[in-house]
1. Sort out for me the Cα centre separation of the range 210-258 from the range 291-340, rounded to whole Å.
2. Taking Rh as the Kirkwood radius computed over C-alpha pairs, what is the Stokes-Einstein D of the range 260-342 at 37 °C in a medium of viscosity 0.692 mPa s, expressed in µm² per second?
3. Along each of its three principal axes, how wide is the spread of alpha-carbon positions in the range 300-342, in whole angstrom units, largest first?
4. Springs between alpha-carbon atoms under 10 Å, Gaussian network over the chain: tell me which of ASP328, ASP178, ASP59 tops the mean-square fluctuations.
5. Anything in the chain that counts as a DSSP H helix reaching 20 Å or more along its axis (C-alpha) with Kyte-Doolittle mean of at least 0.0? List them, would you?
6. For the range 1-39 and the range 45-61, what is the centre-to-centre distance using only Cα atoms, to the nearest Å?
7. Pop out the Kirkwood hydrodynamic radius of the range 154-204 from its pairwise C-alpha distances, inverse of mean 1/r, in Å to one decimal.
8. Relative to the compact globular guide of 2.2 N^0.38 Å, what is the alpha carbon radius of gyration of the range 128-167, as a ratio?
Amino acid sequence: MTVKIGLVGFGAGGRWFHAPFIAASDECELVGIVTRSPERQRLARDEYPAAYICDSLADLAALGVDAVVITTPPQTRKELVLEAIALGLPIVADKPFAPDAATGSLLAETAERAGVLLNVFHNRRFDADIVTARSVLESGALGALQRLELRCDQDDPSSIEAGPQGGLLRDLGSHVVDQAILLAGEPRRVTAHLEWQNLAQGRTDVGFVIAVEHASGAYSTISASKAYRLESRDLKLLGAAGTYVSDYSDVQAEAVVAGERPAGNRAAWGYESDDRWGTLTTADGTRRVTSEQGDYTCYYDAFAHAVVNGEAGPVPAAQGVTVLRVLDAARQSAAEHRTVTP
């Protein structure tokens, strides 16, 4: 069965990070797109001529879609998710899927009571550097993970969602915190520092450093920025038996923005160039580690399987709530200058 997907929103997220990967999945069909902007309607028609252009989520439901993706601005997501739950439609909610953990829990519990599948779009679990790092961990070459260092600096100040409901912690922070939990396990204590700027829409956090103590015994430091004219991705895994280090580029995002698409090209999609492969150092010496494939399409393959087979999906809402608990704790920690239990 091919799952018919309706996409609500065709801004940067919908256009670059959802639609191309829905279209590339053999398990999915992009049948409708909700956008009210005339310019975005034109882009949607040009890029996905087989999809209906709709004005509302109700219009999508009338098309007979099997599931919907909510990728509108964060302040609109709660009501749209609740509307989709009321319609009985399985949902992918973009990150952050709620402004805080309490709201996220409300959405997760409402979906569970209604028997509706709700997943969060933490697609960056499928970045090439994260997939490769997981493979290194699972190989056992590092022994028990002791420490994770994860840094993601982007030279992109114009994309910061400014104002009290925005900020980098809720945006990029959602991704890197999810990646750290994926690699190091359940969070137990959080200590954080936030960096602020007064922007036109209000005081906004534009950078952060978060330290997380994990139930596994590992310790992670996670940092990100968009305002400092710095472009860098750095990942370090320090294990009892050695260290793995990488500084991959943002392979898939760069390709999509450049006009490339995974559809028809999945076998070659999402690999880091060999000059940026990571290195693994153990008692046996140092060797380069071949890039694993990064492919956000895998998220939609897994979501479609969940819709058809009644599975939990690639990122169940409860996992999204765990990320929100860490973000809430980070904000509290930075404000109160203390360690917080999420």
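1. 16 Å
2. 194 µm²/s
3. Rounded to whole Å, the extents work out to 47, 15, 8 Å.
4. Residue with maximal mean-square fluctuation among ASP328, ASP178, ASP59: ASP59.
5. 317-336
6. That distance is 9 Å.
7. Its Kirkwood hydrodynamic radius stands at 12.4 Å.
8. The value comes to 1.82.
Since every read-out is calculated from the coordinates, none of them should be taken as a lab result. No experiment lies behind these values; they were computed from the predicted model shown. FYI the Cβ positions are ideal-geometry reconstructions off the backbone, even for glycines, and counts take in every protein chain you see.
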